[in-house]
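Enquirer: Following this message is one structure expressed as structure tokens.
Laboratory data are not the source of any read-out in this text; all were calculated from the coordinates shown. Remember, it's a predicted structure, so these values are computed and weren't measured experimentally. Quick reminder, even Gly has a Cβ in these numbers, built from the backbone with ideal geometry, and neighbours come from all protein chains shown.
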Amino acid sequence: MRLIDGLIWFCCFSFFFYGVTCLSSKHMVLEFKRYGIPQYRKLTGWLQLAGACGLLLGFWIPYLQIVSTLGLSLLMLFGVITRLLIKDSLIKTFPAFTYCLLNGYLFYELIKAAL
């Protein structure tokens, strides 16, 4: 297995877990209220699940991985911005920042491989 494939599987499982958690966890309801954007919790969860599905299906339909990594990178960028706006600690901001960079890297590598 290539490193890129391993990272895609990692992101796929991560975003599936976070998407389900975002949709079903009382903790996430409270977190989105704390962020000041409770109306975006369900949308965020569904976007995370859609991204995870796109990463998985992308093993058979490659352009889906490209679109999904771009979308997840942007979603995580908005997560970083949100955490900075509410003045969260760097420790709380780090996961979103890491996933933003990771998906940005995957997007770059997938585009490079497609050309």
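Enquirer: Looking at G71, G19 in this structure, which one is surrounded by 15 or more Cβ atoms within 10 Å (Cβ to Cβ), small (G, A, S) and under 13 Å from G104 (Cα atoms)? First the steps, then the outcome.
Expert: Values: G19 fails: under 13 Å from G104 (Cα atoms).
Exactly one residue qualifies, and that residue is G71.
Enquirer: Identify all residues within region 96-108 that are buried (at least 17 other Cβ atoms within 10 Å of the Cβ) and either more than 11 Å from L70 (Cα to Cα) or without any contact (Cβ under 8 Å) to a residue 40 or more places away in the chain (or both); write none if there are none.
Expert: Step one: filter region 96-108 for residues buried (at least 17 other Cβ atoms within 10 Å of the Cβ), giving 96, 99-100, 102-104, 106-107.
Matches in region 96-108: A96, Y99, C100, G104.
Enquirer: Out of the residues in region 74-95 that are surrounded by fewer than 17 Cβ atoms within 10 Å (Cβ to Cβ) and of a type in the set (A, V, I, L, M), which is farthest from A113 (Cα to Cα)?
Expert: I86
Enquirer: Would you confirm, using the coordinates I've provided, whether G36 is on the phi > 0 side of the Ramachandran plot and touching a residue at least 40 places away in the same chain (Cβ under 8 Å)? Don't jump to the end; show me each part of the working.
Expert: Working: on the phi > 0 side of the Ramachandran plot: yes; touching a residue at least 40 places away in the same chain (Cβ under 8 Å): yes.
Yes, satisfied.
Enquirer: In region 52-68, which residues are without any contact (Cβ under 8 Å) to a residue 40 or more places away in the chain and crowded, with 21+ Cβ neighbours inside 10 Å?
Expert: Matches in region 52-68: G54, S68.
Enquirer: Related question: Quick one: Y40 ticks every box in (1) among the hydroxyl-bearing types (S, T, Y); (2) farther than 15 Å from L106 by Cα; (3) crowded, with 17+ Cβ neighbours inside 10 Å bar one, so which box is it?
Expert: The one condition Y40 does not meet is (3).
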